[in-house]
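Asker: My structure is below; once you've seen it, I'll send some questions.
The values are calculated or read from the model by the stated rules, or taken from the named source; none is laboratory data. Computed from a prediction, not measured in an experiment: that's the story for all the values here. Cβ sites come from the backbone with ideal geometry, for glycine too, and all protein chains shown count toward neighbours.
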Amino acid sequence: MKICSVVGTRPNFVKEYLLNRELKCRGVDEKLIHTGQHFDYEMSQAFFECFELPPPDYHLQVANTNGATTFLANTIKDLAPVFEAEQPDCVLSYGDVNSTMAAAIAASRLRIPFAHVEGGIRSVERNNPEEINRRVSDVLADVIFCCTETDKVNLEREGYEPDRIVLSGDLMKDALLMTLAKYDIQPTRGDYLVMTLHREENLTDPRRLRAIMEGIARSGRRVVFPAHPRTLRNLQETGLTDLLATSRIELCKPMGYVDFLRLTAGADKILTDSGGVRREAYLLGKPCIVLIELSWFPDISRAGWKVLTGPDPDRIAQLITTFEPTGPHVELFGDGAAHKKIAQELVQRYAN
């Protein structure tokens, strides 16, 4: 049995970690294809080394500097001959990034079954780039693996056939639990906050970006901010460097997975617009303030551990000071064995 797995961004590498090992244990020939969506060392190669992932069988090195539409088109074009040459039993990809949607389209046009890991997650903002990627990938998928019961219900309500839906649990939880144990990382509530910010809506609107940064600065709290290169560029272009220089916001480079996990494990609270980081925050027992009005994983909000806010400086500053969980920390993301369930399902469906 052969699978082509397509990755391109930090969250993809994290999810590939244990599934890569599990597929090898089951004798599956996995061809790993890196699109190049995250092309800098900190966002890409460092994660391969951290997880001891094998070098990609194909590194497409698609330029990601001319906009999402151009990247998507070029990735589809470059993936197609790889799939035609390898003739896999299925193509697999993760989450809601441009690389995933490209893999779904290329595989489907070649009539190769596509497996979408982390499907069924929904928000009401259908024009959000990640929402588009995830919905298109779900529509084209032969099998959709869901992190939570809510994601499964979303697909059922939209009319997806039951045999296309598998409740697997979350690969991010699997990787986080394994890493905490391996490196003896103990979550504690420290005296600083951790922030990530990378959504297009937050970065490309100067007024929105300024409002967010002003709110965080007004809180007076120490905030460690590993900034994606594009985020840093937008901060500079928006003229926010002076504000940062007079605040307690500490900019630093993006981190490898283990270093970032250590940082967040010791934080008091998490500030983010990331779908993945809000899950990591919950899994680590951290109150999470989401800096965008996108309600992916509403289970965390219902549990009382996450609150959403728009670009309101006063509200952001107040939430940083006052927000605490309002409910018990319940199990939402599976039992830590998602990688085994996904591998088993793939073998049952596509071997021979």
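Asker: Just one of E161, E125, E156 is in contact (Cβ under 8 Å) with a residue 60 or more places away in the chain, surrounded by fewer than 19 Cβ atoms within 10 Å (Cβ to Cβ) and among the acidic types (D, E); which is it? Give the derivation first.
Answerer: On the way: E161 fails: in contact (Cβ under 8 Å) with a residue 60 or more places away in the chain; E156 fails: in contact (Cβ under 8 Å) with a residue 60 or more places away in the chain.
From the options E161, E125, E156, the qualifying one is E125.
Asker: Among the numbered criteria (1) in contact (Cβ under 8 Å) with a residue 60 or more places away in the chain; (2) surrounded by 20 or more Cβ atoms within 10 Å (Cβ to Cβ); (3) of a type in the set (A, V, I, L, M, F, W, C), which one does I144 miss?
Answerer: (1)
Asker: Find the residue count for the range 166-201, including only residues that are surrounded by 19 or more Cβ atoms within 10 Å (Cβ to Cβ) and more than 26 Å from E16 (Cβ to Cβ).
Answerer: Total satisfying the criteria: 1.
Asker: Among the hydroxyl-bearing types (S, T, Y) and out of contact with any helix residue (DSSP H, G or I) (no Cβ under 6 Å at 6 or more places or on another chain) - does that describe any residue in the range 137-158?
Answerer: Looking for residues that are among the hydroxyl-bearing types (S, T, Y) and out of contact with any helix residue (DSSP H, G or I) (no Cβ under 6 Å at 6 or more places or on another chain), one finds none in the range 137-158, hence no.
Asker: From the residues in the range 257-307 that are in a loop (DSSP other than H, G, I, E, B) and free of Cβ contacts under 8 Å to residues at least 60 places away in the same chain, which one is surrounded by the fewest Cβ atoms within 10 Å (Cβ to Cβ)? Steps first, please.
Answerer: First, pick out the residues of the range 257-307 that are in a loop (DSSP other than H, G, I, E, B): 266-268, 273-274, 284-287, 291-297, 304-305.
Filter once more, so that each one left must be free of Cβ contacts under 8 Å to residues at least 60 places away in the same chain: 287, 304-305.
Values: P287: 22, G304: 15, W305: 24.
Taking the candidates together, the pick is G304.
Asker: Check every one of the helices (runs of 4 or more DSSP H) wholly within the range 33-126 and list those with 2 or more residues that are of a type outside the set (G, A, S) and outside the structural domain of V7 (by TED's automatic domain parsing). Break it down into steps so the answer makes sense when it comes.
Answerer: Values: elements: 45-50, 68-86, 98-109.
Once the helices (runs of 4 or more DSSP H) in the range 33-126 are filtered for at least 2 residues that are of a type outside the set (G, A, S) and outside the structural domain of V7 (by TED's automatic domain parsing), nothing remains.
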